Amino acid sequence: MIMQRIGLALGSGGAKGLAHIAFLKVFDELNIKPSIISGSSMGSVIGALYASGLSAAEIEGLYSAMTLFKVTNMIDLSLSRKGLTIRGKKIMTWLRKRMKCRDFADLEIPLKIVATDFWNRTEVVFEKGDVVDAVRASISLPGIFQPYVIDDHVYIDGGVVNPVPYDLIRDDCDLLVAIDVYNYPADDVKRTVPNTFESIFYTYDIMYNILMREKLNISQPDILVQTSLRGINLLDFQKIREVYDCIEDDVKKFKRELMEKLD
C-alpha cells in the first residue's frame, strides 16, 4: 500500500454514531491510522477516544458493556425554568476516565472538534485545550442537552452547522474519508403526529440532511460512507450489536474501497 495521509471525518448521530467504531476497526485491521480526525457531536466522542490512543476494539468494549441501566444512570437531568435537559456532567466524567490523555496537544492523532457558538451563530473548531470540554460543547443537542459555556461563549451541537466536518481537514490529507451515520430514506419517516421528543429529533434529522446535501453539492470526500440505521434512537447506546448488524455490508464495502484507494 502507498503511504498516504488519511483524513477521517466522523459525523453526528447520537447512538447511531456507534457505527463509527466498526469503521475504525477497519483501519486497525489494515494496520493504518488516520493522519487527522475531525468530529461533530457523537463523532467527536468516538474521535476523541480514538485520537487519545484507544484502539477501535477498546472503544467497542466500552460500549459493548453498556446496558439500559448504565445508559439511564448517565443521564443527569436538570429541571429549571428553562426546561428539562441533560446536564452532561456524568458523560464528561465517563469520558475523562477512559481517555488516555485530556489535552489536544497530547493526542496521538491530531483532532478537530466542531461546535456551534449559539449567540454568534457561527461554527467553532476546537484544536487546543481540554478535549472533553470541546466534546461536551459539540454534543449539546438543542432541547436534549444543556448548552455548554466555555469562556463566556454558549455552545450547542456541532451538527447544527457542520454534521460531517470533512471540509475542515481537506487540506491536511491526501485521502479524505467521511462517515455519515445519519442518512436515511425519506420513506423511513413516521407519518403520525410526532410527540415533543420526536419533534425535536426529526427536526434535527431534516436540518442535518439538508446541510449534508448542500455540502455534497459543493465538494465531496474521496470516500463517503452513508448508512441508514433503522430502529436506533438518539440514546440507544446499549444497542451496539443492533447497529453493527445494520451496517455489516457497509463496513465490508468500505474496507474494499479503502484498500483500492491505498493500492
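At-a-glance table
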quantity	calculated
Subset of the range 126-170 [open to solvent by 10 Å² or more (accessible area, probe 1.4 Å), among the charged types (D, E, K, R) and in contact with a strand residue (DSSP E or B) (Cβ under 9 Å, 6 or more places away or on another chain)]	127, 128, 130, 133, 167, 170
Matching residues, the range 118-174, being on the phi < 0 side of the Ramachandran plot and among the small types (Gly, Ala, Ser)	134, 137, 138, 140, 158, 159
Set 214, 248: member being of a type in the set (Asp, Glu) and modelled with pLDDT under 95	214
Some residue of the range 160-181 being modelled with pLDDT under 85, more than 23 Å from residue 256 (Cα to Cα) and of a type in the set (A, V, I, L, M)	no
Residue within the range 191-199 that is modelled with pLDDT under 90, assigned to a loop (DSSP other than H, G, I, E, B) and touching a helix residue (DSSP H, G or I) at 6+ places or on another chain (Cβ under 8 Å) present	yes
Failed criterion for residue 104 (all others in (1) under 18 Å from the mean Cα position of the chain (by Cα); (2) loosely packed, with under 14 Cβ neighbours inside 10 Å; (3) closer than 22 Å to residue 172 by Cα hold)	(2)
Selection count, the range 56-101, where residues are of a type in the set (Val, Ile, Thr) and either surrounded by 15 or more Cβ atoms within 10 Å (Cβ to Cβ) or under 15 Å from residue 133 (Cα atoms) (or both)	6
Test: residue in the range 22-36 that is outside any strand (DSSP E or B), at pLDDT 95 or above, open to solvent by 40 Å² or more (accessible area, probe 1.4 Å) and on the phi > 0 side of the Ramachandran plot	yes
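The values are calculated or read from the model by the stated rules, or taken from the named source; none is laboratory data. If you're wondering where the values come from, they're calculated on a predicted model, not measured in any experiment. Using ideal geometry, Cβ is built from the backbone for each residue, glycine included, and neighbour counts are taken over all protein chains shown. SASA here: full protein model, heavy atoms, side chains in, ligands and nucleic acids out. Shrake-Rupley method; radii C 1.70, N 1.55, O 1.52, S 1.80 Å.
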